[in-house]
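To keep things clear, I will list the structure first and then write my remarks on it.
Please treat every number below as a calculation from the coordinates, not as lab data. Source: prediction; values computed, not measured. Cβ coordinates were reconstructed from backbone atoms using ideal geometry, including for glycine residues, and neighbour counts include every protein chain displayed.
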Amino acid sequence: MSIIDKTAAVPAPRGGSDHTGPLLEVKNLHVEFHTRDGVAKAVNGVNYSVDAGETLAVLGESGSGKSVTAQAIMGILDMPPGKIPQGEILFRGQDMLKMSEEERRKIRGRKIAMIFQDALSSLNPVLTVGYQLGEMFRVHHGMSKKDATVKAVELMDKVKIPAAKARVSDYPHQFSGGMRQRIMIAMALALEPDLIIADEPTTALDVTVQAQVMDLLAELQQEYNMGLILITHDLGVVADVADKIAVMYAGRIVEQAPVHELYKRPAHPYTRGLLESIPRLDQKGQELYAIKGLPPNLLKVPTGCAFNPRCPKADDICRTEIPALVPVTEQNGADLPGRKSACHFWKETIHG
Amino acid sequence: MGRYVARRLLQMIPVFFGTTLLIFAMVHLLPGDPVLAMFGDKGADPATLAAKRHELGLDKPEWQQYLFYMRDMILHLDFGTQIRNGRPVTEVLGDAFPITLQLAVLAFAIELVFGIGLGIIGGLRAGRLADNLILIFTLLIISIPVFVLGYIIKMVFAFNLGWIAPNVSTEPVLSEMLAPAIVLGGLSLAYVARLTRTSMAENLRADYMRTAVAKGLPRRRVIGVHLMRNSMIPVVTFLGTDIGALMGGAVVTEFIFNIHGVGGVIAESISRREGSTLVGLVTILVIVYLVTSLLIDLLYAVLDPRIRYA
């Protein structure tokens, strides 16, 4: 049962140290799923980048392609049925899609790690948490089982699990939801990766625990100066920790902005709809806004702007032409750095 | 844990009495007379028959017979004697059991290695050619009755090809047991393969498998440790009950290959209406079965930590 594979002799990424661009850059990424009913286009030309120490929040409804993009970055898409017909995923300037499976495996967990949503089902139920944490050190650093357990206890201390030493030989089901998510975080942090992708890390938790977990994540990110991609549909979570936001809809990024700008002045009707559907204390007693309609079927995305059937501003042009993601400017034409919108009527939306 | 084991052991007591009573009743409900059978076609005068019956205690009411029988069994560990040649049942079983054990171990090894092996191949290639071939193969084995399979193997390998002797000798060596073991283990092999396959294919899609890949573990570790540990849980349960069944001997297989194991002795006792032999044999087998199933249940908790016995 103890097949331990030592991959300690992994070199630093080729040309990694002198690379100056962003830590991770996703360029024109497309992902499709070939199903019996046809081809579902889950991701249609996504571009984004993350720097070291930066937090990018990817926002969107279920089925908007935010998780699929993350899985494509991690290389854990099920292929088939998944397929990446075009695009690049540059990690320190190197296209990971062109790497061999073995090269990618060595990046996974060690350079790029992922935190999953439901920690109970994402941790192996029949292995102790100490074993699952220690596995990172045993496989990637060739450590002995004993040393790995010591490291596992250190990690559990790091993520503030009380009585770590006593609990290292417990199983995932013996922990509370918040503690389990801390273990997931510890596992992702184990080898101090350059980038962490957190796929809805707090969705399964109650609100107070959510805040604790997010604080912990932000704190550790600072400490290790990691890049963080935070995938969520919870706008409340994003505001505190993110530096910039990418809003996704039907496999495309519809708006990109620094976090506070987006909250102040959304430049896409979809973002505006999302913001208006947050319950607010000062609007107590009033009806809560909801974006009407349902997210589109990815087998049959509407022509033109995918959001047009649900958009209050939709016009004829929206039904025929796909809006490009264009830079957003002030009314006087002054630059708004980092802001982009994919709406034919972005001017009216942001300034109107 | 200790309390659980104690409770399980106590539960064996009613099961023990229930099974013995049931078997005893069934044997006595069968038509035929063991004393009459002893004398064969020649027959004997009624006085001799009555004397023999009295000697064996067969003239008493049946409930008394049962009580006497149970008394001897519990107080003196006397499981009865064979009527025909007066040998104690424990001695008869002592001769037959090692042979059955040999056959059972071999059959179990075959179903373990090939069943799980085929299951892994099918599970990892679910829906593809190899999986479908294994599906057809296992379906075929499941649908052929064991006596047909036994005769086919005997015909082909013993009579047509002459690779094996048609009958197993009285002091069997392991190589002679191979063909009967394949026949005996075949059905369970197919079940084990299908169970393993389904369990693997299902767990492959589990969230923790995605996590294991995302941790950068090599494929053979993802499969060998993370997938296998989870997928083997239902298979072990099946294998456990199967060990118990195999220990009980295989009436049909042993008959086809003329093996003098437990199954053979049972078949013989039934045809001779030897109630006490039969009850004694089956009682011992019931105990073996109960103990193995307890051991398997305990092993189950080792495999799946979510199960806790209290």
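On a per residue basis, the convex hull of the C-alpha atoms belonging to the range A:28-147 measures out at 149 Å³.
Taking the Cα centre of the range B:214-281 as reference, the dipole from Cβ charges on Lys and Arg (+1) and Asp and Glu (-1) amounts to some 720 debye.
On the beta carbon distance between A:A290 and A:K145, with R0 = 35 Å, the FRET formula returns roughly 0.10. For chain A, a Gaussian network of Cα nodes joined below 10 Å ranks A:G177, A:G60, A:G304 by mean-square fluctuation, and the top entry is A:G304. The Rg/Rh ratio for the range B:95-174 is 1.06, where Rg is the radius of gyration of the alpha carbons and Rh is the Kirkwood radius. Once the Cα atoms are used to define both axes, helix B:178-204 deviates from the longest principal axis of chain B by about 40 degrees.
What the pair-distance distribution of the range A:114-215 shows, using all Cα-Cα distances binned every 10 Å from zero, is 17, 52, 29, 3 percent.
For chain A, averaging the sequence separation of C-alpha pairs within contact (under 8 Å, six or more residues apart) and dividing by the residue count gives a relative contact order of 20 percent.
The alpha carbons of the range B:139-227 give a radius of gyration and a Dmax of 20.2, 58 Å, in that order.
Which entries in the list A:K27/A:K340; A:K41/A:K106; A:K66/B:K215; A:K160/B:K215 go over 25 Å, if you measure between the two C-alpha atoms of each? The pairs that break the limit, which is 25 Å between Cα atoms, are A:K41/A:K106. Taking B:R273, B:R220, B:R128 in turn, the Gaussian network model of chain B (Cα-Cα springs below 10 Å) assigns the largest fluctuation to B:R220. From helices alone, chain B scores -22500 deg cm²/dmol at 222 nm; the rule is -39500 (n - 2.57) for each run of n ≥ 4 DSSP H residues, then divide by the residue total. Counting every Cα pair in the range A:169-258, what percent are over 21 Å apart? Tail of P(r) above 21 Å: 35 percent of Cα pairs.
For A:M96, A:M79, the sequence from fewest to most other C-beta atoms within 10 Å is A:M79, A:M96.
For helix B:129-143, report the angle its Cα long axis makes with the longest principal axis of the Cα atoms of chain B; keep it between 0 and 90° and round to the nearest 10°. Orientation of helix B:129-143: about 10 degrees from the principal axis.
Once the Cβ-Cβ distance of A:L275 and B:F238 is raised to the sixth power relative to R0 = 56 Å, the FRET efficiency obtained is 0.50.
Sorted into 10 angstrom bins from 0, the C-alpha pair distances of the range A:85-164 split as 15, 37, 30, 15, 2 percent. Between B:I142 and A:E330, what is the FRET efficiency for a Förster distance of 60 Å, r being their Cβ-Cβ separation, to the nearest 0.05? Computed FRET efficiency for B:I142 and A:E330 comes out at 0.20. The angle between the Cα long axis of helix A:129-141 and the main principal axis of chain A comes to about 90°, on a 0 to 90 degree scale. The phi-based Karplus calculation (6.51 cos²θ - 1.76 cosθ + 1.60; θ = phi - 60°) puts the 3J(HN,Hα) values of the range B:227-236 at 7, 5, 4, 7, 6, 7, 4, x, 5, 4 Hz, whole numbers, x for Gly and Pro.
In this Cβ point-charge picture (+1 for Lys and Arg, -1 for Asp and Glu), the range A:179-329 has a dipole of about 660 debye about its Cα centre. Here chain B was treated as a single set of alpha-carbon atoms; its pair distances binned every 10 Å from 0 give 6, 21, 25, 23, 15, 7, 2, 1, 0 percent.
For the range A:219-299, the residue among A:V238, A:Q221, A:I291 whose Cα projects farthest onto the positive side of the dipole built from Cβ charges is A:I291. Under 5 Å from the amide H of B:T81 lie the amide H atoms of B:V89, each residue being 5 or more positions distant or on a separate chain, with H modelled from the backbone and absent for Pro and chain starts.
Largest GNM mean-square fluctuation among B:L149, B:L189, B:L281, using chain B with Cα springs under 10 Å: B:L149. Values of log10 I(q)/I(0) for the range A:248-351 across q = 0.16, 0.20 Å⁻¹ run -0.73, -1.06, by the Debye formula with one identical scatterer at each alpha carbon and no solvent. In order along the range A:109-123, phi translates into HN-Hα couplings of x, 9, 9, 10, 10, 10, 10, 9, 5, 9, 5, 5, 7, 8, 9 Hz, rounded to whole numbers, per the Karplus curve 6.51 cos²θ - 1.76 cosθ + 1.60 with θ = phi - 60° and x for Gly and Pro. What you get for chain B, charging only the Cβ of Lys and Arg (+1) and of Asp and Glu (-1), is a dipole of about 1680 debye around the Cα centre.
Which value at 222 nm does chain A reach when only helices count, each DSSP H run of 4 or more adding -39,500 (n - 2.57), with the total divided by all residues and rounded to the nearest 500 deg cm²/dmol?
Details: 13 runs with 114 residues, N = 352.
Computed mean residue ellipticity for chain A: -9000 deg cm²/dmol.
Taking the charge dipole of the range B:89-303 about its Cα centre, with +1 at Lys and Arg Cβ atoms and -1 at Asp and Glu Cβ atoms, the residue from B:L101, B:V265, B:I233 reaching farthest to the positive side is B:I233. Using only the alpha-carbon atoms of the range A:24-242 as identical scatterers, what base-10 log of I(q)/I(0) does the Debye formula give at q = 0.10, 0.11 Å⁻¹? For the range A:24-242, the Cα-only Debye profile gives -0.44, -0.54.
Semi-axes of the range A:206-259's equivalent ellipsoid from the Cα gyration tensor, sqrt of 5 times each eigenvalue, largest first, rounded to whole Å? Mind dumping the intermediate values first?
Details: eigenvalues 92, 43, 15 Å².
Semi-axes (√(5λ), whole Å): 21, 15, 9.
Using the C-alpha atoms of the range A:46-94, what convex hull volume per residue, in cubic angstrom, is computed? Could the numbers behind the result be given before it?
Values: hull volume 4.7 nm³, N = 49.
Expressed per residue, the convex hull around the Cα atoms of the range A:46-94 is 96 Å³.
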